[in-house]
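Chemist: Here it is: the structure, laid out below.
The values are calculated or read from the model by the stated rules, or taken from the named source; none is laboratory data. Because the structure is a prediction, the values reported are computed rather than measured. Positions of Cβ are backbone-derived with ideal geometry, glycine not excepted, and every protein chain shown enters the neighbour counts.
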Amino acid sequence: MLRSRNIIFIIFLLIFNQIKAQTAKEGSLKIIQDNRVDKLVMIHSQFKTAHPEIEGFKIQIFMDSGNDAVDRAKMVVENFTLNFPEIPVELTYGAPYYRVRAGNFRNRVEAEGYLKKILPYFSQSFITKDKILP
């Protein structure tokens, strides 16, 4: 009987200490850091402002080279914009190809959903990794 009282008393003390330890108290926190950390944070912020792109996915709907490739690419951009005005589209040139890519998708699953909608209009479309704007 005495032993069980002692055990109950000890358990009570442990629970009381836990509750007391979890109550919020005001205090202070002093952070000591190297001055170079602030400089690195500033450099990183400036870099992200100048280069806001992140890794993502786009759907390539056209790629061609040749004398009239730029005219065909512009027609594809116009046609795509008429059919899918909500999806951003861009025409780029990487020697020797003109490319038309659409969308700014953060993950492949999102890009695959739009690819299913685009394929009936542009049968050669496929998903590609690219830099996107967040």
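Matching residues to (1) over 25 Å from the mean Cα position of the chain (by Cα); (2) in a helix (DSSP H, G or I); (3) loosely packed, with under 14 Cβ neighbours inside 10 Å:
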site	(1), (2), (3)
Pro52	no, no, yes
Lys58	no, no, no
Ile61	no, no, no
Gly66	yes, no, yes
Asn79	yes, yes, no
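Chemist: Now for a separate question. Confirm whether Lys25 is in a loop (DSSP other than H, G, I, E, B), at pLDDT below 95 and either more than 18 Å from the chain's Cα centre (by Cα) or on the phi > 0 side of the Ramachandran plot (or both).
Modeler: For Lys25, the condition - in a loop (DSSP other than H, G, I, E, B), at pLDDT below 95 and either more than 18 Å from the chain's Cα centre (by Cα) or on the phi > 0 side of the Ramachandran plot (or both) - is met.
Chemist: Examine the stretch 104-120 for a residue that is at positive phi and either in contact with a strand residue (DSSP E or B) (Cβ under 9 Å, 6 or more places away or on another chain) or of a type in the set (A, V, I, L, M, F, W, C) (or both), and state whether such a residue exists.
Modeler: No, the stretch 104-120 contains no residue that is at positive phi and either in contact with a strand residue (DSSP E or B) (Cβ under 9 Å, 6 or more places away or on another chain) or of a type in the set (A, V, I, L, M, F, W, C) (or both).
Chemist: Sticking with this structure for a sec: Checking the condition part of a loop (DSSP other than H, G, I, E, B) and among the basic types (Lys, Arg), which residue from Lys30, Lys48 passes?
Modeler: Answer to the check: Lys30.
Chemist: Kindly indicate whether any position in the stretch 78-95 is at pLDDT 95 or above and small (Gly, Ala, Ser).
Modeler: No, that holds for no residue.
Chemist: Can you give me the number of residues within the stretch 96-121 that are closer than 15 Å to Ile61 by Cβ and either at pLDDT below 95 or of a type in the set (Ser, Thr, Tyr) (or both)?
Modeler: Final tally of qualifying residues: 4.
Chemist: Return the residues of the stretch 91-128 that are assigned to a loop (DSSP other than H, G, I, E, B), within 22 Å of the chain's Cα centre (by Cα) and not charged (D, E, K, R); say none if nothing qualifies. Steps first, please.
Modeler: Here is the first cut: in the stretch 91-128, the residues assigned to a loop (DSSP other than H, G, I, E, B) are 95-96, 106-107, 119-125.
Narrowing the set further to residues that are within 22 Å of the chain's Cα centre (by Cα) leaves 106-107.
Passing the criteria: only Asn107.
Chemist: Let me ask you something else. So Arg108 ticks every box in (1) in contact with a Phe, Trp or Tyr (Cβ under 7 Å, 6 or more places away or on another chain); (2) in contact (Cβ under 8 Å) with a residue 60 or more places away in the chain but one. Which box is left unticked?
Modeler: (2)
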